[in-house]
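*Asks:* One structure coming up, written as structure tokens, with questions to follow.
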Amino acid sequence: MFGIGKSAEERQREKERKKRGARKYGQANFKHSRMGIVSCINSIGGLLILAGCIFYAFMARGNAHGIIGGLAVLSLVLSINGVRLAIRGFRERERNYLTCKIGLPAGFVSVILFLAIFIGGLS
């Protein structure tokens, strides 16, 4: 008889006990860091845009238009913002930091790849 003839306090205790039973060792399931989710989206988005720019420049045999350069700079901005948000995401308390751990290296890879292409094009 769940809830019938019980006070609100007893129902709450029973509800908490049922929740604890589903958790590993009685610990709460943490939500993902909000900044980490946005970081992951920005970093991976920047990496995909940069990969698309490289693919288009390869298919056009080096005769890519100026919009491709603009998109590459946009990917750099997104990647730097993703790294910044990942660092801020680690500051959130009692959260799952998996998305921060994915967004941080993805952003670094994208920035390093952009800089390698840019410096290689200068020489």
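*Asks:* Out of the residues in the stretch 87-115 that are within 19 Å of Gly70 (Cβ to Cβ) and free of Cβ contacts under 8 Å to residues at least 40 places away in the same chain, which is farthest from the chain's Cα centre (by Cα)?
*Replies:* Across the stretch 87-115, the extreme among qualifying residues is Leu115.
*Asks:* Next question. Mind checking which residues of the stretch 52-61 are in a helix (DSSP H, G or I) and open to solvent by less than 50 Å² (accessible area, probe 1.4 Å)?
*Replies:* Gly52, Cys53, Ala57, listed by residue number.
*Asks:* So, one more: So if I check each of Val73, Val77, Val109, which one is more than 16 Å from Ile41 (Cβ to Cβ) and not hydroxyl-bearing (Ser, Thr, Tyr)?
*Replies:* Val73
*Asks:* Sticking with this one: Anything in the stretch 78-115 that is of a type in the set (D, E, K, R) and either part of a helix (DSSP H, G or I) or open to solvent by less than 20 Å² (accessible area, probe 1.4 Å) (or both)? List them, or say none.
*Replies:* Correct list: Arg84, Arg88, Lys101.
The values are calculated or read from the model by the stated rules, or taken from the named source; none is laboratory data. What you see is a predicted model; the values in this text were computed from it and never measured. Glycine gets a Cβ as well: all are built from the backbone with ideal geometry, and neighbour counts include every protein chain shown. Surface accessibility is based on the protein's heavy atoms, side chains included, excluding ligands, DNA and RNA. Shrake-Rupley method; radii C 1.70, N 1.55, O 1.52, S 1.80 Å.
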